[in-house]
Amino acid sequence: RFEEALLSASGTLVTLFNPETLVLGGGIVSANPYLVEMVTEQIQAYALPEAAKRVTVVQTRLKDAPLEGAKYLEELL
């Protein structure tokens with residue numbers, strides 16, 4: 001199930017990198033904004049407690065994030 005995979009991946013990222021903010025994006029998240037709230041509410045079950053308390057989950061404001069990322073990567077290379 002997609003939601004379970006998203007929660008598992010989000011929990012792993014939060015545990016490994018301990019970010020202040022987890023940004024979710026892409027077509028699936030844009031079409032289903034409830035996913036941001038779901039991850040926010042359930043991240044503590046999938047990440048280490050200290051990391052889960054610290055992170056804020058948000059939806060990206062960039063509409064063409066993959067294109068922007070590819071453009072930035074090209075500039076770096």
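Between the exposed loop cleavage positions of the chain, defined as trypsin sites (Lys or Arg not before Pro) in a non-H, G, I, E, B DSSP state with at most 14 neighbouring beta-carbon atoms within 10 angstrom, the longest gap is 2-60.
Here each label is just a point 7 Å from Cα along the line to Cβ, and for LYS63 and ALA45 those points are 3.5 nm apart. Counted by Cβ distance under 15 Å from LEU6, the other residues give a net charge of -3, where Lys and Arg count +1 and Asp and Glu count -1. Applying 0.36 nm per residue to the separation of THR21 and SER8 and subtracting their alpha-carbon distance, the gain on full extension is 3.0 nm.
Over the chain, DSSP H runs of length four or greater, each weighted -39,500 (n - 2.57), average out per residue to a 222 nm ellipticity of -18000 deg cm²/dmol.
Each label was represented as a point 7 Å from its Cα along the Cα-to-Cβ direction; for MET38 and ALA70 these points are 2.8 nm apart. For segment 2-76, the Kirkwood estimate of hydrodynamic radius, built from reciprocal distances between every pair of different alpha carbons, is 13.0 Å.
For GLN59, nonlocal amide neighbours, meaning residues 5 or more places apart or on other chains whose placed amide H falls under 5 Å from its own, are LEU24.
FYI, it's all coordinate maths here, none of it is from the lab. Just so it is clear, the structure is predicted and the values come from calculations on it, not from any experiment. Positions of Cβ are generated from backbone atoms using ideal geometry, with glycine treated the same way; all protein chains shown enter the neighbour counts.
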